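The values are calculated or read from the model by the stated rules, or taken from the named source; none is laboratory data. Just so you know, these numbers come straight off a predicted model, no measurement behind them. Positions of Cβ are backbone-derived with ideal geometry, glycine not excepted, and every protein chain shown enters the neighbour counts. Heads up: the accessible areas ignore ligands, DNA and RNA and are worked out on the full protein's heavy atoms, side chains in. Shrake-Rupley method; radii C 1.70, N 1.55, O 1.52, S 1.80 Å.
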Amino acid sequence: MARKNPFMNVMSDPTPDDDKAILQYTNKGASKSLIHSLDELAAQADRLLEGEAVVDLDPDIIDGSFVRDRLEDDEQDFADLLTAIRDRGQDTPILVRPHPTTSGRYMVVFGHRRLRAAKGLGRKVRAVVKDLKDSDHLVAQGQENSARANLSFLEKALFAAEIARRQFDGDNAIALSALSIDRATFSKMLAVSTIPKEVLEAVGAAKGIGRDRWYELKNLLERPSTLEQASAFIQSEDFKAKTGDDRFNSLLAFVKGLGKQSRPKTAKSQKWASDDKAVSADIRNDGKTYTFALKAKDAGGFGDYIAENLADLYQAYRSKQDQQGV
């Protein structure tokens, strides 16, 4: 079943003539057109399997991709997949390549969950073997994931950052094609990927959290004091008790709350005394309350006089303010 594509701007539109065209992520001009449907993305990945021999391989001789694309697996979804393969068999082969460094072994391009299911069922996995370069591997893996894997924004961001880190090309065309994104989204992905690893791992995939909210969190965590408090918060039992999107939401709410905490104002204090020393006052102003404490033998009488004349004193104060244009 086709899934909704979370990234609408796609930077390549390969043609189906042959493998070279299928992986034509560097086309100038053609790479700037948009793929208008999720089905087209899925078709690009499917073309890598068309006309190829399907073989049965022992899961134990197959290693995962050299770039991780999932932070965590939905165990219920995996259980459903396991049941389907057990009952009906493996409908779609996975794509593997000869291992680039170890003779006699293979590396998954896409189909990690089907491989895991086959291993769990103790049966061989149906696979297409294709000799691919690392760059072609990443494009195929990314396009398959964009079409079917339902990866979260964070998982795609970390995948994008890993492609950028490997510096396959100067203008990031491979990453744009692999993830079917535009340059603005790619830039924000790279920014989000710089959030400290311990924070990202604590939050997890956060399947329901999109680009803008992750980017908001990233910007808030740039203040060292905020990051320090956030790092302490993710170690709390309250945070650890949460799961899924609730972890992200609680962290973002905590961090945003830090900005709303007003710093306590330092109270201003002063003293006053009459010329004859018959009365004195301790005056304190903390911004919210103004305290006027009278002392000495005339304190009671002077205090009563002030209280009786408060209305006149306030009116005199307002008149002075008006004259000053305040």
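Restricting the stretch 278-301 to residues that are under 58 Å from the mean Cα position of the chain (by Cα) and among the charged types (D, E, K, R) leaves a set whose member that is surrounded by the fewest Cβ atoms within 10 Å (Cβ to Cβ) is 288.
Given 275, 312, 304, 322, which one is in a loop (DSSP other than H, G, I, E, B) and open to solvent by 90 Å² or more (accessible area, probe 1.4 Å)? Steps first, answer last, please.
Details: 312 fails: in a loop (DSSP other than H, G, I, E, B); 304 fails: in a loop (DSSP other than H, G, I, E, B); 322 fails: in a loop (DSSP other than H, G, I, E, B).
None of the others qualify; the one that does is 275.
Can you report the number of residues in the stretch 60-108 which are at pLDDT 95 or above, part of a helix (DSSP H, G or I) and closer than 24 Å to residue 162 by Cβ? Summing the residues that are at pLDDT 95 or above, part of a helix (DSSP H, G or I) and closer than 24 Å to residue 162 by Cβ in the stretch 60-108 gives 0. Among residues of the stretch 237-252 that are outside any helix (DSSP H, G or I), those with a beta-carbon under 6 Å from a residue that is open to solvent by less than 50 Å² (accessible area, probe 1.4 Å) and hydroxyl-bearing (Ser, Thr, Tyr) at least six positions away or on a different chain give the pairs 242/250. Looking at the stretch 277-287, is at least one residue of a type in the set (S, T, N, Q) and in contact (Cβ under 8 Å) with a residue 24 or more places away in the chain? No; the residues of the stretch 277-287 include none that is of a type in the set (S, T, N, Q) and in contact (Cβ under 8 Å) with a residue 24 or more places away in the chain.
State whether one or more residues within the stretch 84-100 are open to solvent by less than 40 Å² (accessible area, probe 1.4 Å) and without any contact (Cβ under 8 Å) to a residue 12 or more places away in the chain. Yes, there is a match, as at least one residue in the stretch 84-100 is open to solvent by less than 40 Å² (accessible area, probe 1.4 Å) and without any contact (Cβ under 8 Å) to a residue 12 or more places away in the chain. In summary, helices (runs of 4 or more DSSP H) completely within the stretch 162-233 and bearing 1 or more residues that are surrounded by fewer than 16 Cβ atoms within 10 Å (Cβ to Cβ) and either out of contact with any Cys (no Cβ under 7 Å at 6 or more places or on another chain) or of a type outside the set (S, T, N, Q) (or both) occur at 183-192, 197-203, 211-220, 224-233. Looking across the stretch 127-145, just one residue is small (Gly, Ala, Ser) and open to solvent by 10 Å² or more (accessible area, probe 1.4 Å), and that is 135. In the set (1) among the aliphatic types (A, V, I, L, M); (2) assigned to a strand (DSSP E or B); (3) modelled with pLDDT of 95 or more, residue 281 fails one condition alone, (3).
Scan 151, 115, 121 and give me the residue that is of a type in the set (A, V, I, L, M), modelled with pLDDT of 90 or more and out of contact with any strand residue (DSSP E or B) (no Cβ under 7 Å at 6 or more places or on another chain). If you could, list the steps in order and put the result at the bottom.
Numbers: 151 fails: modelled with pLDDT of 90 or more; 115 fails: out of contact with any strand residue (DSSP E or B) (no Cβ under 7 Å at 6 or more places or on another chain).
After ruling out the rest, the residue left standing is 121.
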